[in-house]
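Structure record follows, encoded as structure tokens.
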Amino acid sequence: MSIFSFFLIVLLTCLLWTAACVAAAVRLKKPLLRRLLLTIGFLAPLLSLLPFVAFTTILAFVAHLQVNWFPLAISIFISTLIGSGLILLRGTQPNGGGWKTVPAANWSPLALFTLFLLTKSVTAGTILYLNQTVAAQARALQNEAAVLMTTHLPPNLPDQENAAGLYRGASIIFEDDDAFQEFLQDNAQSFADPITQEEIAFLTRHVETLELLRQAAARPVCRFTRDYPRPSVDMLLPE
């Protein structure tokens, strides 16, 4: 099923809901219930489409997604607005004999609700199928990327040549120093001469940590290990 056909089924589902509600409403004897069902029949499809219109608007004009779904979404919304309005107006058009003589009195609510449920099931099934298809494609791309990454990975480095472990150890020490974290928040600029007593105390306290950084800087390569066989957009990047 093409995307255009899917949107047409969505439009048909919305119009069938309105027609079914109008056909049921004109058979009600209480005016309040009749008006309530007519209102629900008209507004429910529009309210259900509004989140999709808003989402496609954000993707098109805020995120600037290359594939633009906004024209289709807004077209379906406007078509539903016009179609539901026409069904409501024409179906409740008075014919001189009260609600029993309006055109919608000849419509079968049961048949319309059955068609609505059928088209809604097709819509839900299509969404489920598209979701499974996209998930399968994502897994295939992930496997392909894993093969490419593992094929082109550089050879493993011995720990004596790789500075990543030293940098990671120094980073953990600094992160565990709450006083240093507060100091960095209060003093975002780099150390400058003459340094303060607080800065001297920090440097004195972290003599061994600074030695780790000196050793790391002296090593020829710094390469952090990552789980390349399972690449993902949220892969941890320690550096």
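The values are calculated or read from the model by the stated rules, or taken from the named source; none is laboratory data. From a predicted model like this one, the values you see are computed outputs, not experimental measurements. Cβ placement follows ideal geometry from the backbone for every residue including glycine, while neighbour counts extend to all protein chains displayed.
A few points about this structure:
- Residue satisfying all of: in the range 208-227; under 42 Å from the mean Cα position of the chain (by Cα) and charged (D, E, K, R); farthest from residue 165 (Cα to Cα) among these: 227
- Unique residue being at pLDDT below 90 and either surrounded by 10 or more Cβ atoms within 10 Å (Cβ to Cβ) or among the hydrophobic types (A, V, I, L, M, F, W, C) (or both) when the list is 95, 106: 95
- On the stretch given as the range 74-96, residues that are assigned to a helix (DSSP H, G or I), in contact (Cβ under 8 Å) with a residue 60 or more places away in the chain and in contact with a Leu (Cβ under 8 Å, 6 or more places away or on another chain) total 7.
- The single residue among 205, 223, 214 that is basic (Lys, Arg) and at pLDDT 85 or above turns out to be 214.
- Residue 154 being within 19 Å of residue 224 (Cβ to Cβ), loosely packed, with under 11 Cβ neighbours inside 10 Å and without any contact (Cβ under 8 Å) to a residue 12 or more places away in the chain: no
- Residues (hydrophobic (A, V, I, L, M, F, W, C) and surrounded by 13 or more Cβ atoms within 10 Å (Cβ to Cβ)) located in the range 119-148: 122, 130, 145, 146
- Residue match in the range 133-148 (condition: hydroxyl-bearing (Ser, Thr, Tyr), closer than 23 Å to residue 4 by Cα and assigned to a helix (DSSP H, G or I)): yes
- Check on residue 44, in the same structural domain as residue 102 (by TED's automatic domain parsing) and within 32 Å of the chain's Cα centre (by Cα): yes
- Filtered residues of the range 23-61 (kept if part of a loop (DSSP other than H, G, I, E, B) and either buried (at least 17 other Cβ atoms within 10 Å of the Cβ) or touching a Gly at 6+ places or on another chain (Cβ under 9 Å) (or both)): 26
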